[in-house]
Amino acid sequence: MSTFPKVVAFDEVGVVGLIQLDNPPVNALSREVRAGIIDAITVAANRPRIKALLIISNGNLFSAGADLKEFDTGFLEPSLQKVQAAIEGSRLPVVAAIHGLALGGGLELAMTCHYRIARRDAKLGLPEINLGIVPGAGGTQRLPRLIGACAALEMILSGAPIPAAEAKAKGLVDEVVEGDLREHALAFCERLVRDGTGPRPTRSLPAANGLSESDITEALQANAKSLKGRTTQALVIEAIQASKLPFAEGISVEEAVSQKSLASRESEALRHVFFAERESGKVTGLPDRLELPEIKQAAIIGAGTMGSAIAIAFADAGRKVTLIDNAESALARSHENIRSTYASSIKRGRITQEIADERIARITHGREFAAAAHADIVIEAVFEDVDLKKRVLSSLDSIIPPERLIATNTSTLSVTELGAATKHPGRVLGLHFFAPANVTKLLEIVRGRETAVEGLATALQVAKLLKKVPVVAGDAFGFIGNRMMLDGYFREAEQLLLEGASPTQVDAALEQFGFAMGPQRVSDLGGNDVGTKARLQLYKRESRPDPYFVIADRLTELGRLGQKTGRGFYRYENGSREALPDLDVTALIETLASQQGIARREIKDDEIVERCLLALINVGAIVLEERIAARASDIDVVWTSGYGFPRHLGGPMFYADTLGMQHVAQRIRYYHEKLGHYWRPAAMIERLAKEKSTFEQWDRALQTR
Ligand code: NAD
């Protein structure tokens, strides 16, 4: 009978002591796992028949690393370092057998073992940089000793795991095998014993050479996009440079640097987003056990830009999908677009021709709604026109069995109103995808007043199937993201243009802050007419104080729709995407400003960033007050996964917390006085400021309510 905790089993198999990790779902290196490995090594040391040790895991992967919660709560004893000391102190050779994934602490554990054998499907990586953390269990010291400092830098900065074959070529694993990993690994251990090959601690391998200036420049350049505005990379470089020192000295540099990274605002923000994304799919009030339909096939009505991209998302997830459109020309265009999307994925080396063919074969096109009758879910993506959508939903309602979900991809209309056009409003909800829908991670799930919990649960299941990050939103104009964009962020950007800033200045300032693309470039990309149409829908239900998008709407009137017409806030030459300043736009803005009685002046970049961000935060707080978003962290997920807000700043609400609520409230009051009504401070911000509280605390209090 084993006395070890269930998460680690120990067996003797011939001359091999077999240490088996079994901590579902990802074999996280929890305290119990760590203690279990140390116990196993201790017991093995006293069993004379055992001549080698093998660490192997049950389940789908070797280990995904530390339990992330421990980064916040602090690591309990025994630490991973103690496990590593036990391995390195063992007089028996210790082998790691890797399948699936070895990530973070999981790879650091494997690198401490004396030998590594991997199954061909395995991937190995140190993804800590994605959380703003420098690996802290010897990763920055052992990896350079195994594969060289330059390759280690590339691996740690990219955070991307490498396949087993590449790991073998680089020297990270000793052998790659096919088939039964356990059998191969046992044979590997027996061979070590037979040949009298003893332990080979990685720490005793010759120190690495260190990094040259060009190694550093190249690695930084290769990861420039993901590291924009970040600071962790400097700490990673410092730690890797220390790998040329004696091991113990290198490790103490790593420890200091890793601690510094953990304490950084950047890491705090990235971990916030990581947990927020896991939280956003949880909806209070959903029964635990619901009989949900399996989504085997989907139907999409409207084979335009969105419909076609949503179809690709289903096909990528291995599901059959029928695209239905009443215009033959739209069907032909959709067919062409889908082919060219896959052709470009092949060209970029993302998928093979064979995989693309399989996926394309899953998508069929048709003209009749009847073709949707057997689908497990139907998504409507026709023109943004309320009467048309009502007609479409009502027709679908009569041919789709009532227990199946009917979703609308509307970005501005009331889901409740659309649902009311059917006899079964409970099965209608919004699935708000973001362009390009096969790529963008965010999926806003819009809950109409009548939407039933089964529908909501099915929608969450669809998000999981399509590998999207779901956020549930209430049914009000613009839901979460577009409301904050229109009433807050973009509106303020326009106001700044009227007051004297240029589109180039506004975009550059916000891109410098960290947004993937500034607001005017985004408008030109999506089409100024899209925003204008959305606002026309808005005015049918609500009004907004002037000036509200007077520039963008005028550009639409002039046919300056953006990139698609070669002119918008900018001009674009010969189909190029390069945004060039346009004097005609400057003149137009000057005229509109004088019509609004606004005196233009020089505006500093700091003011642009402050106003756009505060406006975003203020409307975010109103969205929370109105219960359109359930949590502040949901808003952060919307903005980081759908609107290009820099992840390393945590999303607008987290960013507000870092500014301090009293400062936020005071500055919003200042702009309220200066600019008038639309800057009215959200009551929630005033309250949190008075209580010296934060959005994070507000979220936390919700959980206990
Ligand atoms: P689109 O104009 O590219 O496509 C709409 C398609 O619907 C056309 O092919 C049209 O032929 C088809 N259609 C119209 N009436 C139909 C009917 N009665 N039966 C069958 N097909 C019909 O539009 P889009 O950009 O794909 O937008 C579709 C929906 O997605 C809209 O509600 C829009 O607000 C929403 N949306 C768009 C975006 C975006 O960035 N484009 C983002 C999020 C949501």
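Along the positive direction of the dipole of the chain (beta-carbon charges: Lys, Arg +1; Asp, Glu -1; about the Cα centre), which of Pro425, Asn46, Val378 reaches farthest?
Asn46
Quick one: which residues, 5+ away or cross-chain, put their amide H under 5 Å from the amide H of Ile98? H built at 1.01 Å from N.
Ile117, Ala118, Arg119
Pop out the ³J(HN,Hα) list for region 172-181 in order, Karplus 6.51 cos²θ - 1.76 cosθ + 1.60 with θ = phi - 60°, rounded to Hz; leave Gly and Pro as x.
7, 10, 8, 8, 10, 10, 10, x, 6, 5
Going by average Cβ density within 10 Å per residue, which order do the peptides 584-596, 537-549 take, highest to lowest?
Values: 584-596: 15.4, 537-549: 13.7.
Highest mean packing first, the order is 584-596, 537-549.
Just to confirm a number: summing +1 for Lys and Arg and -1 for Asp and Glu over residues other than Arg449 whose beta-carbon lies under 15 angstrom from that of Arg449, what do you get?
Values: positive: Arg427, Arg447, Arg541, Arg627; negative: Glu417, Glu450, Asp475, Glu626.
With Lys, Arg at +1 and Asp, Glu at -1, the neighbours total 0.
Enumerate the residues in region 566-582 having an amide nitrogen under 15 Å from the point lying 7 Å beyond the Cα of Lys228 toward its Cβ.
Under cut-off, by backbone N: 578-579.
Report the full-extension gain for the segment Arg182 to Tyr539: residue separation times 0.36 nm, less the Cα-Cα distance, to one decimal in nm.
Details: separation 357, 0.36 × 357 = 128.52 nm, distance 6.62 nm.
Between Arg182 and Tyr539, full extension yields an extra 121.9 nm.
Given R₀ = 22 Å, what would the calculated FRET efficiency be for Phe274 paired with Lys441, taking r from the Cβ atoms and rounding to 0.05? Write out the running numbers ahead of the final one.
Numbers: r = 13 Å, r/R0 = 0.59.
In this case the efficiency is close to 0.95.
Let me spell out the model: positive unit charges on the Cβ of Lys and Arg, negative unit charges on the Cβ of Asp and Glu, origin at the Cα centre of region 174-318. What dipole size does that give, in debye rounded to 20? Walk me through the intermediate numbers first.
Numbers: 16 positive and 22 negative charges, 82 e Å.
That gives region 174-318 a dipole magnitude of about 400 debye.
Just how large is the dipole of the chain about the Cα centre, in debye to the nearest 20, putting +1 at every Lys and Arg Cβ and -1 at every Asp and Glu Cβ?
Roughly 680 debye, rounded to the nearest 20.
Explain nothing, just compute: Karplus ³J(HN,Hα) = 6.51 cos²θ - 1.76 cosθ + 1.60, θ = phi - 60°, for every residue of region 470-485 in order, whole Hz, x for Gly and Pro.
x, 9, 8, 10, x, 8, 9, 3, x, 6, 8, x, 5, 4, 5, 5
What is the extension gain from Met517 to Leu583, computed as 0.36 nm multiplied by their sequence separation minus the C-alpha to C-alpha distance, in nm to one decimal? Before the final figure, lay out the partial values.
Values: separation 66, 0.36 × 66 = 23.76 nm, distance 2.14 nm.
Between Met517 and Leu583, full extension yields 21.6 nm more.
I want the local charge near Gly105. Using Cβ-Cβ distances under 11 Å, sum +1 for each Lys or Arg and -1 for each Asp or Glu among the other residues. Numbers along the way, then the final one.
Working: positive: Arg34; negative: Asp67, Glu70, Glu108, Glu128.
Around Gly105, the surrounding residues sum to -3.
Estimate the FRET efficiency between Thr73 and His335 by the formula 1/(1 + (r/R0)^6), using the beta-carbon distance for r and 51 Å for R0, to the nearest 0.05.
Once the sixth-power term is evaluated, E becomes 0.45.
Roughly speaking, what is the stretch gain from Asp606 to Phe383, that is 0.36 nm per residue apart minus the C-alpha to C-alpha distance, in nm to one decimal? Please list the in-between numbers first.
Working: separation 223, 0.36 × 223 = 80.28 nm, distance 3.94 nm.
Gain on stretching Asp606 to Phe383: 76.3 nm.
Can you give me the C-alpha center-to-center distance between region 117-167 and region 387-442, rounded to a whole angstrom?
If you average the Cα positions of each part, the centres end up 45 Å apart.
Given H placed 1.01 Å from N in the peptide plane, which residues other than close sequence neighbours of Val8 have an amide H under 5 Å from its amide H?
Those qualifying (amide H under 5 Å, at least 5 residues apart or on another chain) are Asp22.
How do the peptides 574-583, 299-308, 496-505 rank, highest first, by the average count of neighbouring beta carbon atoms within 10 Å per residue? Write down the numbers at each step before the final one.
On the way: 574-583: 11.3, 299-308: 24.8, 496-505: 21.1.
Taking the mean over residues of other Cβ atoms within 10 Å, the ranking is 299-308, 496-505, 574-583.
Find how many whole Å separate the alpha carbon centroid of region 225-270 from the alpha carbon centroid of region 587-620.
39
Just check the chain against the gyration tensor rule for me: Cα atoms, a ≥ b ≥ c as the square roots of the eigenvalues, rounded for a/c under 1.5, and otherwise prolate or oblate depending on whether a/b exceeds b/c. Please report the intermediate quantities before stating the final value.
Details: a/c = 2.01, a/b = 1.58, b/c = 1.27.
The shape class here is prolate.
Mind scanning Lys296/Lys347; Lys533/Lys564; Lys468/Lys564; Lys282/Lys441 and naming the pairs with a C-alpha gap bigger than 19 Å?
Values: Lys296/Lys347 29 Å; Lys533/Lys564 16 Å; Lys468/Lys564 28 Å; Lys282/Lys441 17 Å.
Over 19 Å Cα-Cα: Lys296/Lys347; Lys468/Lys564.
Near the amide H of Ile300, under 5 Å away, which other amide H atoms are found, from residues 5 or more places off or on another chain, if H is placed in the peptide plane?
Hits under the 5 Å cutoff: Thr322, Leu323, Ile324, Ile379.
Report the label-to-label distance for Glu12 and Glu368 in nanometres (one decimal), using points 7 Å from each Cα along the Cα→Cβ vector.
Calculated label separation equals 7.3 nm.
Taking R0 as 56 Å, what's the FRET efficiency between Leu702 and Leu220 from their Cβ-Cβ distance, rounded to 0.05? Walk me through the numbers before you get to the answer.
On the way: r = 41 Å, r/R0 = 0.72.
For R0 = 56 Å, the calculated efficiency reads 0.85.
At 7 Å along the Cα-to-beta-carbon direction for both Asn574 and Ser252, put a label point, then send me their distance in nm to one decimal.
6.2
What is the local net charge at Asp605, summed over the other residues whose Cβ is closer than 13 Å to its Cβ (Lys, Arg +1; Asp, Glu -1)? If you can, show how the numbers build up before the last one.
Values: positive: Lys604, Arg611; negative: Asp507, Glu511, Glu602, Asp606, Glu607, Glu610.
Net of charged neighbours comes to -4.
Given the DSSP H assignment, sum -39500 (n - 2.57) over each helix run of at least 4 residues in the chain and divide by its residue total; what's the result at 222 nm in deg cm²/dmol, nearest 500?
Details: 32 runs with 347 residues, N = 705.
Theoretical 222 nm ellipticity from helices: -15000 deg cm²/dmol.
If you restrict to DSSP beta bridges whose two residues both lie in the chain, what percentage is antiparallel, to the nearest 5? Working shown, then result.
Values: 16 of 62 bridges.
So the antiparallel bridges amount to about 25 percent of the total.
Which of the peptides 208-217, 257-266 is most tightly packed, and how do the rest follow, judged by the mean count of other Cβ atoms within 10 Å per residue?
257-266, 208-217
What dipole magnitude, in Debye to the nearest 20, does region 248-352 give about its Cα centre under +1 on Lys/Arg Cβ and -1 on Asp/Glu Cβ?
Values: 14 positive and 14 negative charges, 83 e Å.
Approximately 400 debye in magnitude.
For labels at Glu590 and Glu686 in the simple 7 Å Cα→Cβ model, what's the distance in nm?
Reported label-point gap for Glu590 and Glu686 is 4.1 nm.
Here, each number is a calculation from the coordinates, and none is a lab measurement. Note that this is a predicted model, so its numbers are computed, not measured. Because the Cβ atoms are built from the backbone with ideal geometry, glycine has one as well, and the counts that use them run over all protein chains shown.
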